[in-house]
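Just below is one structure, and these are the notes that go with it.
The values are calculated or read from the model by the stated rules, or taken from the named source; none is laboratory data. Because the structure is a prediction, the values reported are computed rather than measured. Virtual Cβ from ideal backbone geometry, glycine too; neighbours counted across all protein chains shown.
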Amino acid sequence: MARAEDAPSIEGDAEERRLIDRSAAGDQEAFRQLVIRHHRLVINVAFRALGELSLAEDVAQEVFLKVYKALPGYRHEKPFKHWLHRVAANAVTDALRRRRPVVSLDDMEQPPASRESDPVDVATRHDLQRAVRQAIASLPSHYRDTIALQAFGELSYDEIAKTLDIPLGTVMSRLNGAKRLLRERLGDLVRSEEANTA
Amino acid sequence: MLSHATTRDWLIPYADGMLAADERRRIDGHITGCAACAAELREVRELNLLLVTLPPAPPLAVAPFWLKLQAQLPARRTLRIPTFAAYRRLGVAFAAAAVALVAVAGSAFAAPSALPDNPLYPVKQIEEQVRLALAPSNERLPVQLQLANERLREAQAMAANHKPRLAENSLRAFTLILDGAAVSLKNPANPQATKDALLALRANLDAVERVNANRNDDVAGIKQLVTAAGDELDRIEHQDSVTAPVVVVGEQATPEPTPKATPTPKPTPKPKPTDDGGDHRNQQH
């Protein structure tokens, strides 16, 4: 599975620890450095979940605002990135739930240069992505939070376990249940996609 | 060989690559002979493909993102950890403050006894002015008399050190203080204490005169000022208000019982005659 592409490897990073402590004390310049380090990660999670850049940006703002307010209570026992992923996952799933009934193709951000030059293919791809997002939004919360970390945050099973503070077996069980439900709800789309790619 | 149900349960972690090598081999063994599980595995992989192909966000400039976010950040009291330079500046500031404190404290202790030729004398003058300004109206006269006495002490010391200008200045200051206290001296709150203070002033004025006379080069200016100050003291001492208490009606009535208990005032003491017949002031009066 692909890894988060933008956030630097920061676990155990003393500099990041210092930035976190200073941000918690109210140093906005230190917090700006944290935002620069992680804004790409949060924007990507939000955009994958919502498919609309302006909305993703709003959610990312919301995520960092929550982080800034909660930083004084942050303990370094858990990697900051995991904590940030959890806050971001919660924010995007909330946003997914809020916007689920009003999704329309017109609201979707048109992708930049795509490998698919055929407009029909592009529209089909967008339909699929929208359906996936809607299906994820419709899942029970414990499934939704777990699959969001995998699908939007591109975290591994182990990282999901650490982020959610749950055993690895629980992650497997939840992802199993989530994907079974997704297959049921996306049944025809998945099968047609399978037929297209066969 | 795995059962059909067990294999289906493990298809998703299998597709996610989460199974160990021996587990994978067992799943592979079942799928090879089970078309239904093979079809289901294809669906799981297609779903995974859909999930992982959700596109990342297009590039987004961080600067405007930060500015927008910063505008929403709540104000929080900043607790900056001082840098070494800050500590150094803080240390210098503390050192300066400590030096200033020591200087001020030293001045405060040293100034009251400072003489006019002492650098701390201006501090002493300021202290006296503050002390006089802060004194309640009923305690102002005793303070004025103390300050007048201090001027005579200074004049005596300056005359002894042959610093006639400074001695003269102190004598002039003495006269000014007496002038300023003239109104209060007509009606003192404590006549007896005032009278005793005036006697002390007289004795000290005589001492200034003696010190100046004992020098071979006695200064005429000091003599004249001492004579004028003596005349002023004589005038004050012979005011009836000092020797005979006045009964005041109303708020200014003093509860001081001493004057009433001694209806016959003591005779005005005269300064002891000096070797050179220094009681001439009373004779002149």
* Asked: On the given criteria, is A:Glu62 in a loop (DSSP other than H, G, I, E, B) and within 24 Å of A:Glu159 (Cα to Cα)?
  -> no
* Structure fact -> Residue count, segment A:72-95, condition touching a Leu at 6+ places or on another chain (Cβ under 7 Å) and farther than 23 Å from A:Leu50 by Cβ, comes to 0
* Asked: What tally of residues in segment B:14-26 results from selecting those that are more than 14 Å from chain A (Cβ to nearest Cβ) and of a type outside the set (D, E, K, R)?
  -> 1
* Structure fact -> The number of residues in segment A:172-189 that are in a helix (DSSP H, G or I) and either within 7 Å of another protein chain (Cβ to nearest Cβ) or surrounded by 22 or more Cβ atoms within 10 Å (Cβ to Cβ) (or both) is 8
* **Single residue of segment B:151-163 satisfying the filter (surrounded by fewer than 20 Cβ atoms within 10 Å (Cβ to Cβ) and assigned to a helix (DSSP H, G or I)) that is nearest to the chain's Cα centre (by Cα)** => B:Arg153
* To do: Taking the residues in segment A:127-158 that are farther than 21 Å from B:Pro55 by Cβ and part of a helix (DSSP H, G or I) as candidates, determine which candidate is nearest to the other protein chains (Cβ to nearest Cβ).
  => A:Tyr157
* Residues located in segment A:15-30, provided they are over 26 Å from the mean Cα position of the chain (by Cα) and crowded, with 20+ Cβ neighbours inside 10 Å -> A:Arg22
* **The lone exception for B:Leu69 - which of (1) closer than 30 Å to A:Ala70 by Cβ; (2) modelled with pLDDT under 85; (3) surrounded by 16 or more Cβ atoms within 10 Å (Cβ to Cβ); (4) not charged (D, E, K, R) it fails** => (2)
* **Flag if A:Ser54 is more than 7 Å from chain B (Cβ to nearest Cβ) and in contact with a Phe, Trp or Tyr (Cβ under 6 Å, 6 or more places away or on another chain)** => no
* To do: Being in contact with a Leu (Cβ under 8 Å, 6 or more places away or on another chain) and touching a residue at least 24 places away in the same chain (Cβ under 8 Å) is the filter; apply it to segment B:27-57 and report the residue that is nearest to the other protein chains (Cβ to nearest Cβ).
  => B:Val44
* **Single unsatisfied condition, B:Gly33 versus (1) at pLDDT 75 or above; (2) surrounded by 11 or more Cβ atoms within 10 Å (Cβ to Cβ)** => (2)
* Asked: Are any residues in segment A:31-71 surrounded by fewer than 20 Cβ atoms within 10 Å (Cβ to Cβ) and touching a Gly at 6+ places or on another chain (Cβ under 9 Å), and if so, which ones?
  -> none
* Hey, does segment B:197-204 have a residue that's surrounded by 20 or more Cβ atoms within 10 Å (Cβ to Cβ) and in contact with a Ser or Thr (Cβ under 8 Å, 6 or more places away or on another chain)? -> no
* To do: With the condition kept exactly as written, say whether any residue in segment B:75-90 is of a type outside the set (Ser, Thr, Tyr), at pLDDT 70 or above and over 30 Å from B:Glu154 (Cα atoms).
  => yes
